[in-house]
Amino acid sequence: MINTFDQARSQTPARTFQSQIGELNVNLSSDSDSIVQDFARLYPPSLDPAPGPAIHMVVRRQGRSRLGRPLFRVYGDGEEIGGTLRRSEIFPYLEWGINLRIIASRPKYLQLHAASMARSGEGFIFAGSSGCGKSTLAAGLLARGWKYYCDEFAMIHPRTGHLHPYPKALCIKSGSFPALHRLSVPFAHRHHFVKRLKGRVGYIDPQSLGPHAIADPAPIRFVLFPKYESEAQPNLVPISRAHALLELAGCTFNRHVYQDQLLPILGDVVRGAQCFRLTAGDLQHTCAFLESRLSPWAAEPSSNIVPATGQLELDARPGIESSRWIPNRRDVLRRGAQLVYVVPTVLTLQSQAAFAGTSLPSGMCSTLVQTGGLCATDPDCCSGDCDLGICK
Amino acid sequence: MAVNPPIPTPRSDEIPHSEQPVPPRRASVREYELDGEAVLYDLQTQGLHLLNQTAWSVWQRFDGQSTANALTEELVRTFRVDSPTAHDHVEQLVARFTQAGLLREDDVDQHI
C-alpha cells in the first residue's frame, strides 16, 4: 500500500546524513541504510556546515513491486520528486532533485548548463545540452590532473565573473564506461544506476582522483561548446564572442533571475575568454588535444585567434579550422572606406527551444526551470501527461 | 585586410519609396554589442537573438522615426551594396524582427 505524501512526510526517517557539496549543505534522510550509504560514499559528512539553508532530501520506502522488490519515493525540500521508483533509480533522482533545488533556490550564482574545469588557475567552460559529452570530458580531464568545479553547472559569480565549485559526483553514461576504465578512473559504486532518459549511469567521486582535485575560484579563459562524434578527430573552430554569448545565455538555468544583468555578466565572461566549438572524439585524444592546443594560448589571451578587424588569420596547427571574421565597422569607417556588405542575419534561440533543447539537465522539464518549481509528476515527462511540462 | 573602394551613393529616385517610419524596438529588449555583432535578450519572452553586423546596424535605427528609405540609405552609405538589395533586406529585417516579437506591436500594426 502506498502512503500519501503527507503521511510519508510526517514519518521520521530512520537515518539522516548531513553532507556538504562545495558551499551547499545537503541533508539526506531515508529509512533505507543502503541508500544513505550510497550517498555517503560520494559526499563527505558536513563537519562545519556552510552558511545558508540546507537542501533536504528524503527517500522513503513506498511498498513493494509485484516481484517483491522495495519501491521508493523521493522528496526535495518537502516536495515529491518523481513517482514510485525502484532502488536502482533512486540515486539519479536524488542528483536530479538536488540540481533542481539549486536552480530554484540558489540565485547567488549565475548557473549555466556546462561542465566547468580549471587548469593552471584558468577556468574552462564546456557548455551544451545533455549528451554532448560534458561529463565524460570533465572526467577525462580530471584524470589528467585538471581541477574540477562541476560536470553539470558552471557557477559564475555575477560580480567577479569567476567560476565557483559545486563539486557534485560526476554522472557518467554507460557508453563512456570503457573510455574511463581505460583511464583507470574509479567509479564510486560496484553497481550502476538507471536514469530513465540516459539509461545506465555510474558516479565518480571527484576527490577520488586526487586530494586537491577541486578547483579554487578562477576567471574563465576558455568557453567551449563540445559535440561528441565517435569517429571524429578532435577539432576546434573559433566562434565569435557574440555567438558564444548567445549560446551561453541560452544555456543559463536561472536567467530569469538576472534579467537586465544577464548579458552584461556573460558579456564580460566572453570578453575575457576565447570561444570555440569543439568536436570531441576519442576521450584520450581529445583531452591531449585540448592540452596541446589551448595551453599556449592561455598565456596570451589576446592572440591571433580573434583579431579585432579583418579576416581571422590562418592558423596552420592541425585540428584548428580558421573561420571568416567580419571586419569591425568603426575601424573601416575610420579609414573612409565602405564595409564589405554581409547579408543581414538574425539567429534566434526560441525561449522554449533554448530551455528544452540546450539548457536542461536530463529529464528536467523546461517549465520547471522557468518557474523554479518541482514537477508534480514524472521528471522525465515526455508523454504530455504532465500539465507543467513542455515535452521534448 | 582588403577593403573594397566605395561605390557611388545612388540618387534618391533609385531608392524604393517607403516613407512610413519603421516600428520602434520593444522596451523589454536588452542589447549587448560585441565586436560589431550584438545579442538581443527579450525579458518578456526570454527570447535570445544574435544579429550580425549588418542586422545590428539596422536594428539600432528602429526608433519609430526612421523610415525604410532612411535605413536603406544608411546601408548604402555604410556598406558596398546597391539600394534595391539594401531595401529588400531592410524589409526582410522588419518582417523578421516583427515575427520575433521584438518590435512594439501597436506600431507594427500601423506599419502593416
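Just so it is clear, none of the values below were taken in a lab; they were calculated from the coordinates. This one's a predicted model, so the numbers in the text were calculated from it and none came from an experiment. Cβ: placed from backbone, ideal geometry, glycine included. Neighbour counts: every protein chain shown.
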(request) Mind sorting A:Glu23, B:Glu105 by how few other Cβ atoms lie within 10 Å of their own Cβ, fewest first? (result) B:Glu105, A:Glu23
(message) Apply the a/c threshold of 1.5 to the C-alpha gyration tensor of region A:85-214 and tell me whether it is rounded, prolate or oblate.
(response) oblate
(request) Given the peptides A:93-106, A:272-285, arrange them by the average over their residues of other C-beta atoms within 10 Å, most packed first. (result) A:93-106, A:272-285
(request) Using only C-alpha positions, report the orientation-averaged shadow area of the convex hull of region B:27-111, nm², one decimal. (result) 5.4 nm²
(message) Could you give the length gained by full extension between A:Val342 and A:Glu23, i.e. 0.36 nm per residue of separation minus their alpha carbon distance, to one decimal place?
(response) 110.1 nm
(request) Over the whole of A:242-254, what's the average partner chain Cβ count within 10 Å per residue? Rounded to a whole number, please. (result) 4
(message) If R₀ is 45 angstrom, what is the calculated FRET efficiency for the pair B:Glu105 and A:His162, using the beta carbon separation as r and rounding to 0.05?
(response) 0.65
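Please work out whether region A:1-156 counts as rounded, prolate or oblate from its C-alpha gyration tensor, where a ≥ b ≥ c are the square roots of the eigenvalues and a/c under 1.5 means rounded, while otherwise a/b larger than b/c means prolate and anything else oblate?
Prolate.
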(request) Kindly state, to the nearest 0.05, the FRET efficiency for A:His181 paired with B:Gln65, given R0 = 56 Å and r defined as their beta-carbon distance. (result) 0.30
(request) In whole angstrom, note down how far apart the Cα centers of region B:42-77 and region A:74-114 are. (result) 42 Å
(request) List A:Ile214, A:Ile55 from most exposed to least, where exposure is judged by having the fewest other Cβ atoms within 10 Å. (result) A:Ile214, A:Ile55
(request) Any chance you could check the Cα centroid distance between region A:176-197 and region A:222-250 for me, in angstrom? (result) 26 Å
(message) To make sure I understand, if each residue's beta carbon is the centre and we count other beta carbons within 10 Å, what order do A:Arg190, A:Arg255, A:Arg73, A:Arg293 fall in, fewest to most?
(response) A:Arg190, A:Arg293, A:Arg73, A:Arg255
(message) Taking R0 as 35 Å, what FRET efficiency do you get between A:Ala288 and A:Ser65 from their Cβ-Cβ distance, rounded to the nearest 0.05?
(response) 0.15
(message) Quick check on my link table: of A:Lys108/A:Lys173; A:Lys108/A:Lys227; A:Lys147/A:Lys195; A:Lys168/A:Lys227, which ones sit more than 24 Å apart, alpha carbon to alpha carbon?
(response) A:Lys108/A:Lys173; A:Lys108/A:Lys227; A:Lys147/A:Lys195
(message) Please compute the average number of Cβ atoms from other chains found within 10 Å of each residue's Cβ in peptide B:25-36.
(response) 5
